[in-house]
Amino acid sequence: MSDTTWRQWLLTERPQSRSQARLGRTYQAWRRLADNRLALLGLTIIIGLLVVAGFADVLATQSPIVGDLREARLLPPSAEHWFGTDDQGRDIYSRVVHGSRLTLFVVILVAVIAAPVGLLIGTVAGYAGGWVDAVLMRITDIFLAFPRLILALAFVAALGPGIENAVIAIAITSWPPYARIARAETLTVRHSDYINAIRLMGASPTRIVARHIMPMCVSSVIVRVTLDMAGIILTAAGLGFLGLGAQPPLPEWGAMIASGRRFVLDQWWVAAAPGMAIFLVSLGFNLLGDGLRDALDPKAGGR
Amino acid sequence: MSTLLEVENLRVRFPTRDGFFDAVRGISFTVGQERVGIVGESGSGKSQTGRAILGLTPPNAIVTADRLSFDGVNLRSADARTRRTLRGGRIAMVLQDPKFSLNPVMTIGRQIMETLRAHMKVSRSFARMRTLDMLQAVQIRDPERVFDLYPHEVSGGMGQRAMIAMMLIADPDLLIADEPTSALDVTVQLQVLGILDQLVVNRGMGIIFISHDLRLVSSFCDRVLVMYGGRIVEEIAANRLTKAKHPYTQGLLGCLPRMSGSPHPLAVLDRKQEWLD
Amino acid sequence: MTAVLSIKELTVSFDGYKAIDRIWFDVFAGQSFGLVGESGSGKSTVLRAICGLAPITDGTISIDGAPVRVPRGKDFHRKVQMVFQDPYGSLHPRHSVDRILSEPLAIHGVRDAERRVLRALDEVGLGNGFRFRYPHQLSGGQRQRVAIARALILEPKILLLDEPTSALDASVQAEVLNLLEEIRRAHKLTFVLVSHDLAVIAHMCDRLMIMRRGQSVELVEASALASGTVGSSYARSLMVASEGFRRGRKPSEVVSDRRHQPQS
């Protein structure tokens, strides 16, 4: 099929099958996203991150862990060491490339743990109301009352330092905003006629929440998660910086900045390269999140 | 009878992803000191017509007209200031739902006073007096009390009357009423129309009454413009409506159920492509 | 003739405010019963109380002679279904027509859903081509047809209709009213129709109740509307009002007994 017939098939007002309807819907959301240049830039950055993480072994020129302590300590950027070397004589470029895997690991795990928890708690609280709502929301409030980094610090201190514990701590501290969003969204739809209609069909509360209310909340949670990614990366970096996240010699970006802090005036590149990486990836997630907000808006379903 | 408003070949189009959508496609009409009804179903372009006259079309729309003049003033070429003084001063608009058109954080009385003072240099005490008079004119029994109420504290009918009072305080020559009574109960609806009716008679105003309700429009107006697909398909005196020629007008009349009995099944409107051409 | 739906001294109050005050009526099998009134008359609340969306403070609602249980069981929902006023709000914006229609079948474990979905679509005059569309791809009239198909798919005996055409254009209203009459005949359904429009009620119903401020004003045969032989002055003023505007009549004469009061 040529380009135009494909597009017609996707955009048809009369889809012939379930999959065509679903693909058409996805394509329309994609078109809304693609209209937004900045969102595309954000998407490019994120895809870049995925590629770098996927092919880190190929892209890295040297070992990220073992350096040349005798010959190559704190060398400035050059043709051989693109981003220079650090105080252990390790190639910073290779470390940044490998660090992308850790960042991705943190971000994905946190999203996979925190978003569903927040979504579930928020929708259940919003739909059930009454004491269920009160209890769940007060728990949420308790978590929200602490600054995220401080709370994460406390959890890591209790669980012990390490990247896995950092992930768990960040996940524990980042679900409350999602619960709040999901609850707010649930409250706006729970008395709508389409939820009343399905209630009149005899659907159980579980079914109503899982199949009818959650889909309405998912997109705002996704948007919020994407926007939060930057914060998660920064929290992970912050924990790494304080020595509570990834432990040496892992090439975690935050920990790299921490170790570069000592030389920041004389050997600026040691801290600058991982800093740039954090900045770029955070920016990418933020831009993409903004674009997704428009693209996934259920009210913009029409034209 | 002098002509107040002249519209010739008015077009309103909206850019969309796939080309242009024509909301209004070249309509012409005039309004004097009379009641003109514009009737049509959703998407017929009736509301966009009213908005285009006042220059309230959304900014992305393209409005063109060979002629769009009010009392000799060309509205197309008029600068923003002239339009602003005309709007509210000599042409006023009443919208469907007073809840959205009244400022929720200002008392009704103050809003009406502000409108008056925006168009006339008058003292506060005089403005207050005029406002109370106006509230009385729209059949609000206790103007002093309503003056100090906020829009959410009054019923829909009262809100719509306050809105009419606000629109009429500057003594406009032309009132554009877009579905002014659709959000109201039938009995309140007639009260509001009765008030409008008296004001037209007493002040010699012109009214453009935009509505989807053919029966209501024909009972209130002198002349009816029937719109379909962005065009005027028929212009007819309201009392001759039963002798309408265009099949669309006939169909609109025929598909309404009647209390005195109507056929089972009801007649349905068979839309024809050629009505659009 | 036995009453399919019987309502006795129904009272619904919200925080002490009586939305419905001791309403009493019976609907017989195959009949179409109308509830008319202005906004705030409680007409929609009656429907919501019947199907369990509004709490019953006092009184009883019986279906086929048996009082309904609280909460309503699945068998209740197989007997009683509802069509809502706003076709733009009553369909899930993220579900396709297919999913909207299959959902009730899945809930009740009905087999051969495929065939029933197709039949329901056919019945409301939409056909197969609409099956995989999303609500935003439909017009108001088409959405209301989908809502009717959804209400029909469990083959109920009683259909509650809450202003089913008031959000539609006049020509579309005629089509939907015709469709409703057709399916009523085909399925031998009992209707309870709520509307603010006397003409629609007169066209669709055999009997009707006029309501005002939560109370019943008058219970009459539909023929009384046609012949103009309603008893109460409120019913008469409603009838006069729905005939349209009459010039030269002073506005204060239109409805004399209405007090202007701020909304509570």
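The values are calculated or read from the model by the stated rules, or taken from the named source; none is laboratory data. In this text, all values refer to a predicted model and were calculated from it rather than measured experimentally. Neighbour counts are summed over all protein chains in view; Cβ atoms, including those assigned to glycine, are modelled from backbone coordinates with ideal geometry. Calculation scope for accessible area: heavy atoms of the full protein, side chains included, ligands and nucleic acids excluded. Shrake-Rupley method; radii C 1.70, N 1.55, O 1.52, S 1.80 Å.
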Discussion item. Which of the numbered conditions does B:VAL122 fail, given that it passes all the others? Conditions: (1) touching a helix residue (DSSP H, G or I) at 6+ places or on another chain (Cβ under 6 Å); (2) open to solvent by 20 Å² or more (accessible area, probe 1.4 Å).
Written reply: (1)
Worksheet item: Among the residues of segment B:88-100 satisfying the criterion of being assigned to a helix (DSSP H, G or I) and open to solvent by less than 80 Å² (accessible area, probe 1.4 Å), which is modelled with the highest pLDDT?
Response: B:GLY89
Discussion item. It is to be established whether one or more residues within segment A:56-68 are over 29 Å from the mean Cα position of the chain (by Cα), in a loop (DSSP other than H, G, I, E, B) and aliphatic (A, V, I, L, M).
Written reply: yes
Item to complete: Find all pairs meeting these conditions: Cβ atoms under 7 angstrom apart; at least six residues apart or on different chains; first residue within segment A:2-16 and on the phi < 0 side of the Ramachandran plot; second residue open to solvent by 80 Å² or more (accessible area, probe 1.4 Å).
Response: A:LEU10/A:LEU23
Worksheet item: Has segment A:219-235 got at least one residue that is within 12 Å of chain C (Cβ to nearest Cβ) and out of contact with any Cys (no Cβ under 8 Å at 6 or more places or on another chain)?
Response: yes
Worksheet entry | Wholly within segment C:1-107, helices (runs of 4 or more DSSP H) carrying at least 3 residues that are within 15 Å of the chain's Cα centre (by Cα) | C:43-51
Worksheet item: In segment B:178-277, which helices (runs of 4 or more DSSP H) lie fully inside it and hold 1 or more residues that are at pLDDT 85 or above, within 13 Å of another protein chain (Cβ to nearest Cβ) and closer than 30 Å to B:MET134 by Cβ?
Response: B:186-203, B:214-220
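Rundown of residues vs (1) open to solvent by less than 70 Å² (accessible area, probe 1.4 Å); (2) in contact with a helix residue (DSSP H, G or I) (Cβ under 8 Å, 6 or more places away or on another chain); (3) not assigned by TED's automatic domain parsing to the domain that holds B:GLY32, yes/no style:
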{"position": "B:PRO59", "(1), (2), (3)": "no, no, no"}
{"position": "B:ASP66", "(1), (2), (3)": "no, no, no"}
{"position": "B:VAL73", "(1), (2), (3)": "yes, yes, no"}
{"position": "B:THR82", "(1), (2), (3)": "yes, no, no"}
{"position": "B:THR107", "(1), (2), (3)": "yes, yes, yes"}
Worksheet item: Which of the residues that make up segment B:132-146 are open to solvent by less than 10 Å² (accessible area, probe 1.4 Å) and part of a helix (DSSP H, G or I)?
Response: B:MET134, B:LEU135, B:VAL146
Worksheet item: Do the conditions hold for A:MET216, that is, is it in contact (Cβ under 8 Å) with a residue 12 or more places away in the chain, in a helix (DSSP H, G or I), in contact with a Pro (Cβ under 8 Å, 6 or more places away or on another chain) and open to solvent by less than 50 Å² (accessible area, probe 1.4 Å)?
Response: yes
Worksheet item: Is at least one residue of segment C:219-239 of a type in the set (A, V, I, L, M, F, W, C), open to solvent by 50 Å² or more (accessible area, probe 1.4 Å) and modelled with pLDDT of 85 or more?
Response: yes
Worksheet item: Do you know which residues across segment B:65-87 are of a type in the set (Gly, Ala, Ser), on the phi < 0 side of the Ramachandran plot and outside any helix (DSSP H, G or I)?
Response: B:ALA65, B:SER69, B:SER77, B:ALA78
Worksheet entry | Unique residue being open to solvent by 10 Å² or more (accessible area, probe 1.4 Å) and closer than 30 Å to C:ILE148 by Cα when the list is A:GLY130, A:GLY202 | A:GLY202
Worksheet entry | Conditions (1) over 12 Å from B:GLY37 (Cβ atoms); (2) touching a Leu at 6+ places or on another chain (Cβ under 6 Å); (3) open to solvent by 10 Å² or more (accessible area, probe 1.4 Å); (4) β-branched (Val, Ile, Thr); number of the one not met by B:ILE232 | (1)
Worksheet item: Between a first residue in segment A:228-243 that is free of Cβ contacts under 8 Å to residues at least 24 places away in the same chain and a second residue that is assigned to a helix (DSSP H, G or I) and open to solvent by 10 Å² or more (accessible area, probe 1.4 Å), which pairs have beta carbons less than 7 Å apart while being 6 or more apart in sequence or on different chains?
Response: A:PHE241/A:ALA255; A:PHE241/A:ILE257; A:PHE241/A:ALA258
Practice prompt. Show the residue pairs that are 6+ apart or on different chains and have beta-carbon atoms under 7 Å apart, the first residue being within segment B:204-223 and in contact (Cβ under 8 Å) with a residue 40 or more places away in the chain, the second being of a type in the set (S, T, N, Q) and open to solvent by less than 10 Å² (accessible area, probe 1.4 Å).
Written response: B:VAL217/B:SER211
Fill in: Restricting segment B:25-55 to residues that are among the hydrophobic types (A, V, I, L, M, F, W, C) and out of contact with any helix residue (DSSP H, G or I) (no Cβ under 8 Å at 6 or more places or on another chain), the residue that is surrounded by the fewest Cβ atoms within 10 Å (Cβ to Cβ)
B:PHE29
Worksheet item: Is it true that some residue in segment B:153-163 is open to solvent by 20 Å² or more (accessible area, probe 1.4 Å), out of contact with any helix residue (DSSP H, G or I) (no Cβ under 7 Å at 6 or more places or on another chain) and either without any contact (Cβ under 8 Å) to a residue 40 or more places away in the chain or assigned by TED's automatic domain parsing to the domain that holds B:GLY50 (or both)?
Response: yes
Worksheet item: Residues of segment C:166-194 being open to solvent by 10 Å² or more (accessible area, probe 1.4 Å) and closer than 26 Å to B:VAL188 by Cα, which ones?
Response: C:SER166, C:ALA167, C:LEU168, C:ASP169, C:ALA170, C:VAL172, C:GLN173
Worksheet item: Can you name the condition, by its number, that A:LEU250 falls short on among (1) closer than 22 Å to A:GLY122 by Cβ; (2) assigned to a loop (DSSP other than H, G, I, E, B)?
Response: (1)
Practice prompt. Report whether or not A:ARG14 is open to solvent by 50 Å² or more (accessible area, probe 1.4 Å), within 14 Å of chain C (Cβ to nearest Cβ) and within 30 Å of C:LEU138 (Cα to Cα).
Written response: yes
Practice prompt. Considering each of A:THR188, A:THR226 in turn, give the residue that is out of contact with any helix residue (DSSP H, G or I) (no Cβ under 6 Å at 6 or more places or on another chain) and either within 30 Å of A:GLY126 (Cβ to Cβ) or of a type outside the set (Lys, Arg) (or both).
Written response: A:THR188
Worksheet entry | Selection from segment B:74-119 of residues that are touching a Pro at 6+ places or on another chain (Cβ under 6 Å) and charged (D, E, K, R) | B:ARG90
Discussion item. Filter segment B:237-268 down to the residues that are open to solvent by 20 Å² or more (accessible area, probe 1.4 Å) and of a type in the set (A, V, I, L, M) and list them by number.
Written reply: B:ALA237, B:LEU253, B:LEU256, B:MET259, B:ALA267, B:VAL268
Response to the item:
The residue that is farthest from the chain's Cα centre (by Cα), considering only those in segment C:202-220 that are of a type in the set (D, E, K, R) and away from chain B (no Cβ under 13 Å), is C:GLU218
Item to complete: Starting from residues that are acidic (Asp, Glu) and open to solvent by less than 20 Å² (accessible area, probe 1.4 Å), keep the ones in segment C:109-165 and report whichever is nearest to the other protein chains (Cβ to nearest Cβ).
Response: C:ASP162
